[in-house]
1. Can you find a residue in the stretch A:80-89 that is buried (at least 20 other Cβ atoms within 10 Å of the Cβ), of a type in the set (Val, Ile, Thr) and out of contact with any Ser or Thr (no Cβ under 6 Å at 6 or more places or on another chain)?
2. Looking only at the stretch A:116-132, which residues are buried (at least 21 other Cβ atoms within 10 Å of the Cβ) and in contact (Cβ under 8 Å) with a residue 60 or more places away in the chain?
3. How many residues does the stretch A:77-105 hold that are facing chain B (nearest Cβ under 9 Å), among the β-branched types (Val, Ile, Thr) and over 17 Å from A:VAL137 (Cα atoms)?
4. What helices (runs of 4 or more DSSP H), lying completely within the stretch B:1-81, carry at least 2 residues that are more than 9 Å from every other protein chain (Cβ to nearest Cβ) and of a type outside the set (A, V, I, L, M)?
5. Suppose the filter is over 30 Å from A:LEU90 (Cβ atoms) and touching a residue at least 40 places away in the same chain (Cβ under 8 Å); does B:ILE13 pass it?
6. Which condition number does A:ILE185 fail, the rest of (1) within 23 Å of B:ALA58 (Cβ to Cβ); (2) of a type outside the set (Lys, Arg); (3) modelled with pLDDT of 95 or more being met?
7. Within the stretch A:11-59, restricting attention to residues that are polar (S, T, N, Q) and at pLDDT 95 or above, which residue is farthest from B:ALA69 (Cα to Cα)?
8. Taking the stretch A:185-241 as the region of interest, how many residues are among the hydroxyl-bearing types (Ser, Thr, Tyr) and away from chain B (no Cβ under 14 Å)?
Amino acid sequence: MTQAEMTVTGESLARPEGLQGVVADWASDQRAFKNVPWGKAMMWIFLVSDTFIFSCFLLSYMTVRMSTEVPWPNPSEIFALHIGGEPVPLILIAIMTFILISSSGTMAMAVMFGYLHDRAKSALLMLATAAFGATFVGMQAFEWTKLIVDDGVRPWGNPFGAAQFGSTFFMITGFHGFHVSVGVIFLIIIARKVWRGDFDHARPGFFTSRKGNYEAVEIMGLYWHFVDLVWVFIFALFYLW
Amino acid sequence: MAHAEGQQHPIGIYFIVWGWLFVLSTFSYLVDYFNFEGGLRWTLILLFMILKAGLIVAFFMHMRWERLALTYAILVPPVLVMIFVFLMTHEAGYTFLTRGIFFGAGS
């Protein structure tokens, strides 16, 4: 039984650090990203493009909110929950934020245990991450149901104020929730591979027939942390602003 | 800097970052809970947002330990979105102004 080989990314010669290193790495006849496996570089580039997508959503939200003459609905009141008869402002969103941050913490440790070849811990932490993610999506479904059924919020109008509130809300949180859902599925698939020892036994992948390694866990982690990162911006700019 | 096998760091770092993310999220929630208004509210929200985003990217996504060639390639383009923000702020202001003129007071 042989250990799966990690992608060889190391350079035999010492590279300059700092700004000089940037110039040297980007100079001609060089691979730009040293010490970075190609899969990870590709995930980063995908995440940059995804950043632009979410930026466009948040920017259009900013534009319609700034240009409407009708008062914007107060998210603090709309997303309040009644606990013991008293309305607690924004509490559901706060809980969702803490759940997503917790899932990021478990994911970071899953990556660490993956590189230590501790398969059980890595897989269990990833399943915990998936469970947190599924909980988040569940709470979002609850939030949407409350908004649509009880409050009558629609993409083209709502009883609280500016009509654009509904369209931007459903677009932004819907797209984010979709990302979380995809992440949960992705997590379960990678957790299964880790649990089965695919990366230790160099088992060929189902689609690609290529053997993987524990970099897959880190790449999965990058995606998941990005989902958390986007929520940080949505929480601040949509719910708190 | 260079690791033979991927990014490996002591688990303690993750717990510290995790703790800070909880603290900062609590702070940003409290901004809403105590109903801070105006400039103070916006400053605090943006401050906590940037700090949280920085912690996630730097430690959870290991950007702190990558070579600068990758860091700049990934982090500089999103910063340029600020130009887009500048443009759309003025566009929105213009739309608001014309709405005020044509559909404004009295209609």
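The values are calculated or read from the model by the stated rules, or taken from the named source; none is laboratory data. Since we're looking at a predicted model, the values are computed, not measured. Counting neighbours? That spans all protein chains shown, and the Cβs are built from the backbone with ideal geometry, glycine included.
1. Within the stretch A:80-89, not a single residue is buried (at least 20 other Cβ atoms within 10 Å of the Cβ), of a type in the set (Val, Ile, Thr) and out of contact with any Ser or Thr (no Cβ under 6 Å at 6 or more places or on another chain).
2. Looking only at the stretch A:116-132, we keep the residues that are buried (at least 21 other Cβ atoms within 10 Å of the Cβ), and these are A:122-123, A:125-126, A:129-130, A:132.
Result: A:SER122, A:ALA123, A:MET126, A:THR129, A:ALA130.
3. Residues in the stretch A:77-105 being facing chain B (nearest Cβ under 9 Å), among the β-branched types (Val, Ile, Thr) and over 17 Å from A:VAL137 (Cα atoms): 1 in total.
4. B:11-33, B:38-55
5. Against the criterion (over 30 Å from A:LEU90 (Cβ atoms) and touching a residue at least 40 places away in the same chain (Cβ under 8 Å)), B:ILE13 qualifies.
6. The single condition A:ILE185 does not satisfy is (1).
7. Checked the stretch A:11-59; the qualifying residue farthest from B:ALA69 (Cα to Cα) is A:SER55.
8. 2
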